[in-house]
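Chemist: Sharing a structure below in structure tokens format, with a few things to ask.
The values are calculated or read from the model by the stated rules, or taken from the named source; none is laboratory data. Keep in mind it's a predicted model, so treat the numbers as computed, not measured. Ideal geometry is used to build each Cβ from the backbone, glycine not excepted, and the neighbour counts take in all protein chains shown. Remember, those area values only see protein heavy atoms, side chains included, never the ligands or the DNA or RNA. Shrake-Rupley method; radii C 1.70, N 1.55, O 1.52, S 1.80 Å.
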Amino acid sequence: MSPTAEAVIELRDVRKSFGAQKVLDGLSFQVPRGRCLAIMGPSGTGKSVILRHVIGLLKADAGVVSVEGRDVARLSKHELSDLRKRMGFLFQEGALINWLTVGENVALPLRENTRLPDAEIRRKVQEKLELVHIPDAWDKLPAQISGGMKKRVGLARALITDPEIVLYDEPNAGLDPEISQSINDLLRELHERLRVTALLVEHRVRCIRTVADEVLFLEKGRVLVQLPPREFFASDHPRLVQFLGKDPD
Ligand SMILES: Nc1ncnc2c1ncn2[C@@H]1O[C@H](COP(=O)(O)OP(=O)(O)O)[C@@H](O)[C@H]1O
Ligand SMILES: [Mg+2]
């Protein structure tokens, strides 16, 4: 990813501790417009913490987190809420509401944040269900659908506001390899069609190979290596060999 391209998401020397525990320790990276950067690293290293800084749910102790050139920590409540409307999130657990149908789960961000008329909301929801290849799922309840389908619903909900930026926290967690590859193919297809800028927290090699333009390995709160997937997975860096050797996919 060329450093001269316009950065949509940028972290500059970000530091964050919880009590005595240093989690981010001088972390810097950029994601240019329309690109997908994957973040890899052992569990508990701060990957989800990074995403929460980008959404403005956490504030750095030092350094700058900027989105579209604006320092997220300095935005007013109103500006932050505007920014969040332009971002989609796919959380690790999927986070569907059990008592709402698939259609109403996907509609939720529009019902909560816009005054669109019901017919318009229904049209947009159906469009997104089609986009993630589950056109007939509207009336189903989360308990009635498979794990792979729940991810698709979560993805439809993440995309319902037509965000320019999407954050994925382990979109493959809990899925078997076959279903996970179908989610990876879907993510790739969406990125090609929608040209969103994305941060992808993931440890599965196939997902990163399919979806990401670059991969960053997070260690001790900073970037150990950042490379395009092909070079990353071919690297003979001892730490990467050790990590990837333990986690074949
Ligand atoms: N709000 C919080 N308060 C205290 N500790 C936290 C908080 N959020 C995360 N942590 C700690 O920060 C570390 C990194 O967490 P996280 O980003 O969730 O890891 P992962 O890389 O697995 O996503 C963990 O040790 C976690 O316990
Ligand atoms: Mg996490």
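Chemist: Count, please, the residues in segment 61-85 that happen to be within 15 Å of ligand 1 (Cβ to nearest atom) and open to solvent by less than 30 Å² (accessible area, probe 1.4 Å).
Modeler: 1
Chemist: Right, another one. Quick test of your reading of the structure: Phe91 fulfils all but one of (1) assigned by TED's automatic domain parsing to the domain that holds His191; (2) within 16 Å of ligand 2 (Cβ to nearest atom); (3) not hydroxyl-bearing (Ser, Thr, Tyr). Name the failing condition by number.
Modeler: Result: Phe91 passes all but (1).
Chemist: Can you find, within segment 144-178, the residue that is surrounded by the most Cβ atoms within 10 Å (Cβ to Cβ) among those that are on the phi < 0 side of the Ramachandran plot and within 16 Å of ligand 1 (Cβ to nearest atom)?
Modeler: Filtering segment 144-178 for residues that are on the phi < 0 side of the Ramachandran plot and within 16 Å of ligand 1 (Cβ to nearest atom), the one surrounded by the most Cβ atoms within 10 Å (Cβ to Cβ) comes out as Tyr168.
Chemist: Of these, Asp71, Asp25, which one is closer than 23 Å to Arg239 by Cα and away from ligand 2 (no atom under 16 Å from the Cβ)?
Modeler: Asp25
Chemist: Considering segment 179-211 alone, what residues qualify as being under 25 Å from Val241 (Cα atoms) and open to solvent by 10 Å² or more (accessible area, probe 1.4 Å)?
Modeler: Gln181, His203, Arg204, Val205, Arg206, Arg209, Thr210, listed by residue number.
Chemist: A follow-up question, please. Pull up segment 1-46, narrow it to residues that are open to solvent by 20 Å² or more (accessible area, probe 1.4 Å) and closer than 25 Å to Ser81 by Cβ, then point me to the one that is nearest to ligand 1 (Cβ to nearest atom).
Modeler: It comes out as Lys16.
Chemist: What strands (runs of 3 or more DSSP E), lying completely within segment 183-249, carry at least 1 residues that are closer than 30 Å to Lys16 by Cα and under 14 Å from the mean Cα position of the chain (by Cα)?
Modeler: Ranges flagged: 197-201, 214-219.
Chemist: Then there's this: Quick one: how many residues across segment 44-68 are free of Cβ contacts under 8 Å to residues at least 60 places away in the same chain and within 16 Å of ligand 2 (Cβ to nearest atom)?
Modeler: 6
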